[in-house]
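Below is one structure, written out as structure tokens; comments come after it.
Every read-out reported here was derived from the displayed coordinates using simple, explicitly stated rules and does not represent laboratory data. Given the structure is predicted, the values throughout are model-derived calculations rather than measurements. Every residue, glycine as well, gets a Cβ built from its backbone with ideal geometry; the counts of neighbours run over all protein chains shown.
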Amino acid sequence: MTVMTDVPASILHAFLASCERDPTHPCILFEGRTLTYSDVRDLVLRWASSLRGWGVGPGDRVALFLENSPSFIGAYLGTHLAGATVVLVNTQYRQVELRHLLGDSGARTCVTDSARVADLLRVVADLPDLATIVAVGAGAPVADRTADHPRIVAGDDLAVSGSWDGIMPDPDGIAVIGYTSGTTGRSKGAMLRHRNLAANAVAVTTAWHWSGSDRLLLMLPLFHVHGLCVGMHGTFVTGGTVDLRRKFEASEALDVLTRGETTMFFGVPTMYTRLIAEASGRSHRPPPIRLYVSGSAPLSAQTFAEFEAGFGQAILERYGMTETIMNLTNPFDGERRAGTVGGPFPGQEARIVDVRSRVPVMPEVDGEIQVRGPHVFAGYWNRPDATEEAFDADGWFNTGDLGRASAD
């Protein structure tokens, strides 16, 4: 196993280091605006100051129930600068899921889009810990806290300038609580430390040869680890640029790719099938880019082959999960084999074990995937029982996913 060096203490450390290296370099492109690293740093400081003014303190949980925008990034890093923990909330969630995630995490503050405030107000009676709703965007309602609902403040009305006392996150502090899919019961909150996020981002950027000259077209939702912990974190670590979109539209993606300014695109399998369909109706395919990545669900061999035939490039498939972010990757240089997810990222370990005996199995034998390394989460929020079951005595995490290692 390769030991990774020069890993920052947190993503915030990495972001601020990129700001120092080149403050005028474009960080985020969004709806016709270019935000430099200096611009985003100012936004983060203003969010941090505002969150403190709204009562957020060290150890508090701040839920982000937001669509993609610079406000998401400002609130995300601003929460870390304020010493608090981010709780990621899927924007498709409604009453049942919101009650569970916000109630289980004990979030005191929720940052959301103005249009989603109504969804929160339907469940606030069951959320006694929720003290403040921060509404972002035009038409944000404003209200004082009452016995029936939390205070509502306008997220666009940030502090004019941000102050910073120089205190940075503890590497062992909990940066993010990401809730699992909950396919076998109520979703559990996976606690990711600051150092977990930083170590994985360095491993990913190293494996994929990511640099400050890259421009990532990012249409994945930031409430998911694929969009946030891979796309945004990798950008911050390298000092690169992200072309951020609110959502995925195949025609828009193909238009942007055709312009030839993008160097990387991350997607899920359904996005690639829609790109293939969209491209079939056009006379010209986009010029080659440095890297296409697929994850979050298995990529079929048919989609892999059709994309390579139509776009002239092989997709790099990888494997990750909420608890560990990225685990395995096909090689950047070398064969990208359809239907496989490659080997461990630098500085990480993986193996296949028998589902009953927990003993490692031979190649080409099915078993459960176990992973170990600095990227693995601290445990499940308020679930010591589930945490104990998830790890063995040697620190291997039981992913619950089945796989096999090829002979080569």
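Brief remarks follow.
- A simple spin-label model places pseudo-atoms 7 Å from Cα toward Cβ; at A309 and S280 they are separated by 1.0 nm.
- Gain on full extension, evaluated as 0.36 nm per residue between D333 and A407 minus their Cα-Cα distance, stands at 24.7 nm.
- Cα centroid separation, the range 339-408 to the range 271-335 (Å): 25
- In plain terms, the residue of E317, E249 with the fewest other Cβ atoms within 10 Å comes first and the most crowded comes last, giving E249, E317.
- Ranked for footprinting exposure by Cβ neighbours inside 10 Å, fewest first, M219, M362 give M362, M219.
- At R0 = 25 Å, FRET efficiency that the Cβ-Cβ distance of A297 and D385 yields, to 0.05: 0.30
- About the Cα centre, charge dipole magnitude for the range 194-403 (Lys/Arg +1, Asp/Glu -1 at Cβ), debye: 620
- Each stretch of four or more DSSP H residues adds -39500 (n - 2.57); spread over every residue of the chain, this sum gives -8500 deg cm²/dmol at 222 nm.
- In a reduced charge model with +1 at each Lys and Arg Cβ and -1 at each Asp and Glu Cβ, the chain shows a dipole moment near 440 debye about its Cα centre.
- Radius 11 Å from Cβ of Y93, net charge of other residues (Lys, Arg +1; Asp, Glu -1): +1
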